[in-house]
Amino acid sequence: MTTIIFNGKKYRHQTNETVLDTLLKADIQIPNGCREGVCQSCLMRSLDAVPPSLSQKGLKESLQLQKFFLACRCNPEQDMAVALPEHELANITAIVSHKEALSVDIMRFVLSFQEPFQFFAGQFVNLTRFDGLTRSYSIANLPGQDNILEFHIKRLPFGRFSSWAHNDLKPGTALKVSEAKGSCHYLLGKSGQPMLLIGTGSGLAPLAGIINDALSNNHQAPIKLYHGSSEPKGLYLVDEMRSLAKTYHNFDYNPCVSLAKATDSFKQGRAHDVALADTPNLSGWRVYLCGHPEMVQQSKMSAYLKGASLNDIYADAFYTTPG
Amino acid sequence: MAESLFNRLGGEAAVNAAVDVFYRKVLNDHRINRFFTNSDMDKQIAKQRAFLTMAFGGPNSYTGKDMRTAHAKLVDIGLNEDHFNAVMEHLGATLTELKVPADLIAEAAAIAESTRNDVLGR
Ligand code: HEM
């Protein structure tokens, strides 16, 4: 057992707990989201000991050197004095300007903002509502003159944020938006590299953004998109993707449905199975995987075994915190 | 002092190039892949990186005790001489594929070989 010191008070830290557990148990409000070391909401800073390396995974090197760490991944072996990061990572405020159903359970939200804000299509942000509830969502649109952000929010069975967004979040409402994070975005200067994009459900949001980014930057090599859903009604942006495929000869769109017989408009099977069967060799390809964590894990391995280089496989799994 | 093997091989860049090739060989080898498939791929890759860094005589060299502990669970589920030989084979083949000169390959193999008793828990 060790001791965590926060705001000058001592808290007993049990062996199997994270710093986040210890502080939440003591009724201290620490912002948090995914609790898997991904969303970086629970960023804290050590005032003395060097944080365990696992708790610094994914943080910028500059932050690591300043002993920042993720409380949900931090199980220190020695006493540690900790603090919330003094300066919040540049949050901005954005106002919902548009809300529209894309499929049975996916809603498009457009937010507009005034402050300077930098992002790439495909990166994700944390959205925080009035009471502090926070979830990560991927950005579906390209940066431009219009200062907007587009998100596709899927309603989850017990999702507090997503249910609220679907039912009660109205145009005119303000949300806090974190800085854009993650490396799942288009890379300039690789126009000759073929791209395979596999997504399930609202994992299409970042992929659509990346595809639009690639096409608007005149990407030359093939771009293949496989979007999957268990049922036909779960597919969305079908017309947009088809029309892109008509306009750009190097873009190939493959909607996939796992629980229905193939028709003229979609293939049968899970998106990643279909995609990987279609492309026997991925050596030299860049691969983007977004959606169900299990699909992402499996496809990462398969894409790698089919020759894709580890550095060319990009995935921002959707971490769906229950509640 | 002579330049270290790690630096002569090309340092971290060499590890990065080798890990891609090496881990793919290991996963495709039915004799040993069962030891490597049951955990998260990113974690496994981090371990492969540690393995190669060590075989290349790199900075965070492990002590014998660590090697023993790291593989103790695997010994419990049957890790043996043949598996060790298979890994040595892939290490050699990886470096050959990356066109590393034979004398450097021999040095790296000797470092890996020196852990045999610890890895196999003897
Ligand atoms: C040739 C000599 C070997 C060396 C120098 C070596 C080195 C290492 C190193 C440095 C680690 C990481 C330890 C850690 O940070 O947790 C590791 C882990 C591992 N090694 Fe080896 N290794 C060798 C042989 C083998 C063999 C023959 C196998 C099985 C066929 C094997 C399977 C594994 C596995 C599965 C892990 C991960 C264990 C875990 O997830 O806890 N290694 N090895």
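The values are calculated or read from the model by the stated rules, or taken from the named source; none is laboratory data. Predicted model only: the values in this text are computed from it and were never measured. Cβ coordinates were reconstructed from backbone atoms using ideal geometry, including for glycine residues, and neighbour counts include every protein chain displayed.
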Residue in the range B:59-72 that is of a type in the set (D, E, K, R) and loosely packed, with under 13 Cβ neighbours inside 10 Å present:
yes
Can you find even one residue in the range B:80-102 that is within 11 Å of the ligand (Cβ to nearest atom), modelled with pLDDT under 85 and more than 14 Å from chain A (Cβ to nearest Cβ)?
no
Looking at (1) in a helix (DSSP H, G or I); (2) within 14 Å of chain A (Cβ to nearest Cβ); (3) surrounded by fewer than 17 Cβ atoms within 10 Å (Cβ to Cβ); (4) not aromatic (F, W, Y), which is the only condition B:V75 fails?
(2)
Looking at the structure I just gave you, is A:S243 modelled with pLDDT under 95 and not basic (K, R)?
no
Could you say whether any residue in the range A:296-309 is crowded, with 16+ Cβ neighbours inside 10 Å and more than 14 Å from chain B (Cβ to nearest Cβ)?
no
Residue set A:A260, A:A315, A:A277; condition without any contact (Cβ under 8 Å) to a residue 12 or more places away in the chain and either over 27 Å from A:F161 (Cα atoms) or within 14 Å of chain B (Cβ to nearest Cβ) (or both); output residue A:A277
Can you pull out every residue in the range B:23-58 that is within 16 Å of A:L305 (Cα to Cα), within 13 Å of chain A (Cβ to nearest Cβ) and in a helix (DSSP H, G or I)?
B:Y23, B:R24, B:K25, B:V26, B:L27, B:N33, B:M41, B:D42, B:Q44, B:I45, B:Q48
Based on this model, can you work out whether A:G201 counts as at pLDDT below 95 and closer than 19 Å to A:A308 by Cα?
no
Can you tell me which residue in the range B:103-113 is nearest to the ligand (Cβ to nearest atom), limited to those that are in contact with a helix residue (DSSP H, G or I) (Cβ under 9 Å, 6 or more places away or on another chain) and not hydrophobic (A, V, I, L, M, F, W, C)?
B:E113
Every residue from the range A:152-211 that is acidic (D, E) and on the phi > 0 side of the Ramachandran plot:
none
Take residues that are surrounded by fewer than 18 Cβ atoms within 10 Å (Cβ to Cβ) and tell me which of the strands (runs of 3 or more DSSP E) falling wholly in the range A:81-146 contain 1 or more.
A:92-101, A:106-113
Test B:A13 against the criterion of being within 26 Å of A:K300 (Cα to Cα), under 12 Å from the mean Cα position of the chain (by Cα), within 14 Å of chain A (Cβ to nearest Cβ) and without any contact (Cβ under 8 Å) to a residue 60 or more places away in the chain, and give yes or no.
no
Within the group A:H249, A:H227, which residue is more than 25 Å from A:S103 (Cα to Cα) and away from chain B (no Cβ under 14 Å)?
A:H249
